[in-house]
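All remarks here apply to the structure that follows.
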Amino acid sequence: MTSPASLSPTQAATRLAEFTVIDVRAPGEYASGHVPGALNIPLDRLQEAVPALKSAAARGSLLMVCASGVRSTRACDILAAADIDALTLSGGTSAWEGEGRTLDRPAGARATWPMERQVRLAAGSLVVAGLLAGARFPAARWISAGVGSGLVFSAVTNTCGMAAALSRLPYNRAPRAATDLDATLAALQR
């Protein structure tokens, strides 16, 4: 499988009006700051959005965005399998903001750690807990081995089960004022 076409933040910024921008991060991450005009369709719900995205792609190009470019690349692969062309933003919102561009932040939105940071905290905590508990109960070391194996699998497959699980936690959900997925899909169909 080939990598999807990508745009640098500078390239994307000059052409932003040409795109329907889709942010595939968890709603809480999206609410803490997103590329101006981006709509939120979390990666784990992308399959149900395919018909609406096909409709939007018929009217213009799609630009997929996440925090670093990993999830948006995965989203482009999913869309390519559904015969929908999409571009990805290289470096994601981190690179966008790193180049001095502003992110839209809804009023009252709280800052949420990026998913990659949440995964590092959870995985590291589980490894340390497994090692500490293993001093008293040797079988507890299997917790650390399991987390390490999961991280290797994550790297090899470029997926992350821990991120999928963490994205469902309450602090990673959008605030009540945020648009829900049904409204986003309806807007894409117009």
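Give, in nm to one decimal, the length gained when the segment between ASP83 and ALA107 is fully stretched (0.36 nm per residue of separation minus the Cα-Cα distance). All intermediate terms of the calculation are to be shown ahead of the outcome.
On the way: separation 24, 0.36 × 24 = 8.64 nm, distance 3.66 nm.
Roughly 5.0 nm would be gained on extension.
Calculated from the structure at hand, semi-axes √(5λ) of the Cα gyration tensor in Å is found among (1) 71, 17, 13; (2) 32, 18, 16; (3) 27, 20, 16 as (2). Computed from Cα positions, the angle between helix 46-59 and the longest principal axis of the chain comes to roughly 20 degrees. With both labels modelled 7 Å from their Cα along Cα-to-Cβ, the VAL152 to ALA164 distance reads 2.0 nm.
With charges set only on the Cβ (+1 for Lys and Arg, -1 for Asp and Glu), what does the dipole of the stretch 93-142 come to about its Cα centre, in debye to the nearest 20? Walk me through the intermediate numbers first.
Numbers: 7 positive and 4 negative charges, 63 e Å.
Charge dipole of the stretch 93-142: 300 debye, to the nearest 20.
In a simple Cβ point-charge model (Lys, Arg +1; Asp, Glu -1; nothing else charged), the stretch 1-151 has a dipole of about 500 debye relative to its Cα centre.
Give me the percent of accessible area attributable to carbon and sulfur for the stretch 64-190, probe 1.4 angstrom.
Accessible surface attributable to carbon and sulfur in the stretch 64-190 totals 61 percent.
Ranked by accessible surface with a 1.4 Å probe, highest first, in what order do ARG101, ARG59 come?
Working: ARG101 60, ARG59 130 Å².
My answer, sorted largest first, is ARG59, ARG101.
In the full protein context, the stretch 41-153 carries 54 Å² of accessible surface per residue, based on a 1.4 Å probe and ignoring ligands, DNA and RNA.
To test your reading of the geometry: what angle, between 0 and 90 degrees and rounded to tens, separates the Cα axis of helix 70-81 from the longest principal axis of the chain? Its long axis makes an angle of about 60 degrees.
The values are calculated or read from the model by the stated rules, or taken from the named source; none is laboratory data. None of the values given here were measured: they were computed from a predicted structure. Reconstructed Cβ throughout: ideal geometry from the backbone, glycine too, with neighbour counts over all protein chains shown. Heads up: the accessible areas ignore ligands, DNA and RNA and are worked out on the full protein's heavy atoms, side chains in. Shrake-Rupley method; radii C 1.70, N 1.55, O 1.52, S 1.80 Å.
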